[in-house]
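Please read the structure below before turning to the comments.
The values are calculated or read from the model by the stated rules, or taken from the named source; none is laboratory data. As the structure is a computational prediction, the values presented were derived from the model and not from experiment. Here the Cβ positions follow ideal geometry from the backbone for every residue, glycine too, while neighbour counts run over all protein chains shown.
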Amino acid sequence: MIMRIAAHSFAVFVLLLASASPRPADAQTIADIAGYSGPDRTQRLIDGAKKEGTLSLYSSAEVNDTLAITGAFEKAYGVKVQLWRGSSEDVLRRAVTEAHGGRYDVDVAETAGTEMEGLQREQLLQEMSSPVFAALMPQAVVPHRGWVTDRLSIFTAAFNTGIVKPVDAPKTYDDLADPKWRGKLGIEADDGNWLMSVAAAMGEDKALPLFRKIVATNGMSIRKGHTLLSNLVVAGEVPLGLTVYGYRVNELKMKNAPIEGVVLPPAIALPTGIGVFAKSPHPYAAALFMDFYLTEGERILAARGNVPTNRTVKEPPPGLILVDVAKYLDEGDRWTKLFKETFAAR
């Protein structure tokens, strides 16, 4: 009798111990998956992703670009991608709001670097390691590895070819101080990150007085939205847009729109990044999708006029300076104020 009671007590103890300890499967949901680099990594991810069957993606990219990538991923692995699209600010706001409410439904975010860094500072992203990173341009891999840059938006001076002849296009920012540009210039309303980066490369003592001179001499049309600015260049309402995204110029040129662009030195690019959430409900699918995005997804992006960071797909333009998004998060108020004082005060 005593032995039966002791045996029963021991069995209960073992069950309690097992329930109190984390299960091996749970221990490998994020950290182990994120750091695994063995030769069977891809197959492990595929097997796990197929069992999970789905993943959730928050993105601010063009819908057609994203659908081209998610469609290829679904076809390759049979894993369904649930897409929610919003602005980069909306992606950050939604993810943070959900996390503060204890809701963890999203697996992957792909949006502007500033907002990706914001997610990192909220401690929502998982540090990732992948053999794919070796193929990316060195600047693409953020030191903390909470996210990596997958594509670049190169600030481009875009002009309407029906109004501005290519031979007359500016070659430097100094050229824009010429009175021939009076009434022809426009800029996006929230490009303080661009101004910060140009000023860092040129020196504030040179850059700020130069842009103030340009505005005083020729004026500056302030427009909200890079897509709007590029469309106004095509329409001729803004003959030259100072900070149009280069991929938008490429996209419009493919449609035979009267637009061309020139990258004025120093060449500045805004990074867009991709990252996996630390409490991803579908970690295998999330890691597999990130690897896919940085390889096959990069080829799809390049074919659609985007600038990828995977050097085996397409070598990025030389000499690019990436916006230091961490610095901009720290100094954004100052540069927003300087931008408005420089370009919008008049």
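Are any residues in the range 73-98 part of a helix (DSSP H, G or I), charged (D, E, K, R) and under 27 Å from Gln43 (Cα atoms), and if so, which ones?
Correct list: Glu74, Lys75.
Within the range 99-120, how many residues are outside any loop (DSSP other than H, G, I, E, B) and either at pLDDT below 95 or exposed (fewer than 13 other Cβ atoms within 10 Å of the Cβ) (or both)? Please lay out each step first, then the result.
Of the range 99-120, the ones outside any loop (DSSP other than H, G, I, E, B) are 99-100, 108-120.
Checking which are either at pLDDT below 95 or exposed (fewer than 13 other Cβ atoms within 10 Å of the Cβ) (or both) leaves us with 100.
Going through the range 99-120 one residue at a time, the tally reaches 1.
Residues being touching a strand residue (DSSP E or B) at 6+ places or on another chain (Cβ under 6 Å) and within 20 Å of Pro283 (Cβ to Cβ): count how many of those fall in the range 75-91.
Within the range 75-91, residues that are touching a strand residue (DSSP E or B) at 6+ places or on another chain (Cβ under 6 Å) and within 20 Å of Pro283 (Cβ to Cβ) number 6.
Pairs needed: first member in the range 209-221, assigned by TED's automatic domain parsing to the domain that holds Ile187; second member anywhere, at pLDDT below 95 and assigned to a helix (DSSP H, G or I); C-beta distance under 9 Å; at least 6 residues apart or different chains.
Listed by first residue and then by second, the contacts come to Val215/Ala344; Met220/Ala344.
Please enumerate the residues belonging to the range 127-153 that are out of contact with any Pro (no Cβ under 9 Å at 6 or more places or on another chain) and among the acidic types (Asp, Glu).
Glu127
Among (1) within 14 Å of Gly48 (Cβ to Cβ); (2) not in a strand (DSSP E or B), there is one condition Val276 misses while meeting the rest; what is its number?
(2)
Looking at the range 303-323, can you tell me whether even one residue there is crowded, with 20+ Cβ neighbours inside 10 Å, out of contact with any Leu (no Cβ under 8 Å at 6 or more places or on another chain), modelled with pLDDT of 95 or more and not in a loop (DSSP other than H, G, I, E, B)?
no
Condition check ((1) out of contact with any helix residue (DSSP H, G or I) (no Cβ under 8 Å at 6 or more places or on another chain); (2) over 16 Å from Thr342 (Cα atoms); (3) free of Cβ contacts under 8 Å to residues at least 40 places away in the same chain) across all residues:
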{"residue": "Val167", "(1), (2), (3)": "yes, yes, yes"}
{"residue": "Asp174", "(1), (2), (3)": "no, no, yes"}
{"residue": "Lys184", "(1), (2), (3)": "no, yes, no"}
{"residue": "Asp191", "(1), (2), (3)": "no, no, no"}
{"residue": "Val244", "(1), (2), (3)": "no, yes, no"}
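Could you list, in sequence order, the residues of the range 227-241 that are in contact (Cβ under 8 Å) with a residue 40 or more places away in the chain and either polar (S, T, N, Q) or crowded, with 18+ Cβ neighbours inside 10 Å (or both)?
Correct list: Leu229, Ser230, Leu232, Val233, Val234, Val238, Pro239, Leu240, Gly241.
To keep it simple, each residue is scored yes or no on (1) hydrophobic (A, V, I, L, M, F, W, C); (2) at pLDDT 95 or above; (3) over 15 Å from Gly275 (Cα atoms).
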site	(1), (2), (3)
Ile30	yes, no, no
Leu45	yes, yes, yes
Tyr58	no, yes, no
Glu62	no, no, yes
Tyr77	no, yes, yes
